[in-house]
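Q: Pasting in a structure now, in structure tokens, and then I'll have a few things to ask.
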Amino acid sequence: MIARMATNPLPQFPPGFLWGVSTSAHQIEGAADRRGASVWDAFTAEPGRVKDGSTAAVACDHYHRYREDVALLRDLGVDAYRFSVSWPRVNSPGGLDFYDRLVDALREAGVRPVPTLFHWDLPLELDWLDRDTASRFAEYVSAVVTRLGDRVDKWITLNEPAEHTLLGHALGAHAPGERLLFDALPVAHHQLLAHGLAVRALRAGGAVDIGIANSHGPTWAASDRPEDVAAADFYDVLLNRLFADPLLLGSYPEGIADLLPGDVPADLEVIAEPLDWYGINYYQPTKVGAPEGAEIEFGGLTLPAELPFTVRELEGYPVTDFGWPVVPEALTELLTGFAERYGDRLPPVVVTENGCSYEGLDDQERIAFLDGHVRALHRASEAGVDVRGYFVWSLLDNFEWAEGYARRFGLVHVDRDTLERTPKASYQWLRDALRARG
Ligand code: BGC
């Protein structure tokens, strides 16, 4: 497999295309004693919330080992590194110093720093149900851009507000562990408002290249039956349109605005602040059918009977160790579908996350996964979608939220006892492929 790849390097994307890898603060940094608490600290402290009972108090200890990790990035040869800034750390004395050091080390290594300003680790004293959290976010973003803006020239506001709303506030599977179902909608709105205010704060601080990392995926109806198609359309609104329409069109999908608090038209003006690029995290498509009147277990989630849809197993595809179907062609479909839906309102697209969990150092399945998805991305580019980058999730095996350390998404293996880093076959493959690009 490796030999085949060596003679068959990465497809050619337009000049300026960014190859990168992604991580997030809570999942890798550790050094929990050097920052304030986040909703994830409180969540993981509750018995039964995280499968293996682990916490991110140490994680990959990236806070102390960042130099070694930057060396891994340099040797990998990526153009850019997407990491997140921990809001609770920035709120603590000296917290920004760490990001100062990290950004300097990355620049010295020739790797472009691309910070995400919120990747789910909300300071414990805050709550997205509270509208004021959006303004607090903008204040924090101002502090970060003031400090790092002279050395950072590409920014991401939020990571996956959809998952944070759905898993954290609607279904209770992630922090803060609320199970509000549709009453969680204000959480989505307040994060989007926070995004818009953050774009303004970043621009006021001189930033020029601003995007978001939203998670999206095609929604496939379980059959042609009208009830299944309607359920799939509804799910498409929840996962895709609820988070993309306000940003790109300045409006919510029909029926949503009436359910939201506040002066929604005024907020939408803020939310729709023009973006320089649009980040998409893609993992898998979802098969959706009509409700069946019963609670279902899916992918570790308990979906209540009252939801107007059910999520079904997608059969006929290989699956990762997480059980997620591997469907690279759905990435092409997603991107061409986005370009069709949003037309010239869609700015250039960057895939800000794509990856898979597999065990083992000789991770040939990960190589096949990444190769397949990069080629699917290239097909979208050839079909006319303005694609500007691809970031692998993730550099390191890390704290995979409610799954604890059981899922390994890294190009680099991290030993849970010694924290020793060992590059996997996929790391070597990507490094060779990036070198072969010239
Ligand atoms: C998140 C990451 C997570 C990855 C794999 C994305 O939803 O942004 O934090 O580790 O998926 O589950």
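Q: Suppose we filter SER215, SER223 for residues that are of a type in the set (Ser, Thr, Tyr) and surrounded by fewer than 18 Cβ atoms within 10 Å (Cβ to Cβ); which single one remains?
A: Only one candidate passes the filter, namely SER223.
Q: Yes or no: segment 254-268 includes at least one residue that is part of a loop (DSSP other than H, G, I, E, B) and either within 16 Å of the ligand (Cβ to nearest atom) or of a type in the set (D, E, K, R) (or both).
A: Step one: filter segment 254-268 for residues part of a loop (DSSP other than H, G, I, E, B), giving 254-256, 260-263.
Keeping just the survivors that are either within 16 Å of the ligand (Cβ to nearest atom) or of a type in the set (D, E, K, R) (or both) gives 254, 263.
Yes - at least one qualifying residue is present in segment 254-268.
Q: Mind telling me which of the residues GLU400, GLU365, GLU382, GLU315 ends up being acidic (Asp, Glu) and either within 28 Å of TYR252 (Cα to Cα) or open to solvent by less than 30 Å² (accessible area, probe 1.4 Å) (or both)?
A: Working: GLU365 fails: either within 28 Å of TYR252 (Cα to Cα) or open to solvent by less than 30 Å² (accessible area, probe 1.4 Å) (or both); GLU382 fails: either within 28 Å of TYR252 (Cα to Cα) or open to solvent by less than 30 Å² (accessible area, probe 1.4 Å) (or both); GLU315 fails: either within 28 Å of TYR252 (Cα to Cα) or open to solvent by less than 30 Å² (accessible area, probe 1.4 Å) (or both).
Just a single option satisfies the conditions, and that option is GLU400.
Q: Which members of segment 419-428 meet the condition of being crowded, with 18+ Cβ neighbours inside 10 Å and either among the β-branched types (Val, Ile, Thr) or part of a loop (DSSP other than H, G, I, E, B) (or both)?
A: Of everything in segment 419-428, just one residue is crowded, with 18+ Cβ neighbours inside 10 Å and either among the β-branched types (Val, Ile, Thr) or part of a loop (DSSP other than H, G, I, E, B) (or both), namely LYS424.
Q: Is one or more of the residues making up segment 288-309 within 16 Å of the ligand (Cβ to nearest atom), free of Cβ contacts under 8 Å to residues at least 24 places away in the same chain and surrounded by fewer than 14 Cβ atoms within 10 Å (Cβ to Cβ)? Outline the logic, then answer.
A: So in segment 288-309, the residues within 16 Å of the ligand (Cβ to nearest atom) come out as 298-301.
Checking the rest, the ones that are also free of Cβ contacts under 8 Å to residues at least 24 places away in the same chain come to 298.
Applying the additional criterion that residues be surrounded by fewer than 14 Cβ atoms within 10 Å (Cβ to Cβ) yields 298.
Yes - at least one qualifying residue is present in segment 288-309.
Q: Applying the selection to segment 273-290, what residues are aromatic (Phe, Trp, Tyr) and either over 20 Å from HIS119 (Cβ atoms) or in a strand (DSSP E or B) (or both)? Let's see the steps before the verdict.
A: Of segment 273-290, the ones aromatic (Phe, Trp, Tyr) are 277-278, 282-283.
Residue satisfying the conditions is TYR278 alone.
Q: Next question. Looking at ARG435, ARG431, ARG341, ARG416, can you tell me which residue is out of contact with any Gly (no Cβ under 9 Å at 6 or more places or on another chain), assigned to a helix (DSSP H, G or I) and not small (Gly, Ala, Ser)?
A: Details: ARG435 fails: out of contact with any Gly (no Cβ under 9 Å at 6 or more places or on another chain); ARG431 fails: out of contact with any Gly (no Cβ under 9 Å at 6 or more places or on another chain); ARG416 fails: assigned to a helix (DSSP H, G or I).
Within the list ARG435, ARG431, ARG341, ARG416, the selection yields ARG341.
Q: Moving to a separate point now. Answer with yes or no whether ALA194 is away from the ligand (no atom under 16 Å from the Cβ) and open to solvent by 40 Å² or more (accessible area, probe 1.4 Å).
A: Working: away from the ligand (no atom under 16 Å from the Cβ): yes; open to solvent by 40 Å² or more (accessible area, probe 1.4 Å): no.
No; evaluated as a whole, the condition is false for this residue.
Q: Filter segment 7-64 down to the residues that are β-branched (Val, Ile, Thr), part of a helix (DSSP H, G or I) and within 14 Å of the ligand (Cβ to nearest atom) and list them by number.
A: Taking segment 7-64 and keeping what is β-branched (Val, Ile, Thr), we get 7, 21, 23, 28, 39, 44, 50, 55, 58.
Checking which are part of a helix (DSSP H, G or I) leaves us with 28, 39, 44.
The one that is β-branched (Val, Ile, Thr), part of a helix (DSSP H, G or I) and within 14 Å of the ligand (Cβ to nearest atom): ILE28.
Q: Still on this structure, please answer the following. Hey, can you tell me all the residues within segment 373-405 that are within 11 Å of the ligand (Cβ to nearest atom) and of a type in the set (Gly, Ala, Ser)?
A: Within segment 373-405, SER394, ALA402 qualify.
Q: What about GLU329, is it among the acidic types (Asp, Glu) and at pLDDT below 95? Spell out how you get there, then give the answer.
A: On the way: among the acidic types (Asp, Glu): yes; at pLDDT below 95: no.
For GLU329, the condition - among the acidic types (Asp, Glu) and at pLDDT below 95 - is not met.
The values are calculated or read from the model by the stated rules, or taken from the named source; none is laboratory data. As the structure is a computational prediction, the values presented were derived from the model and not from experiment. No Cβ is skipped: glycine too gets one built from the backbone with ideal geometry, and neighbour counts run over all protein chains shown. The protein model used for the area step is the full one, side chains on, heavy atoms only, and it has no ligands, DNA or RNA in it. Shrake-Rupley method; radii C 1.70, N 1.55, O 1.52, S 1.80 Å.
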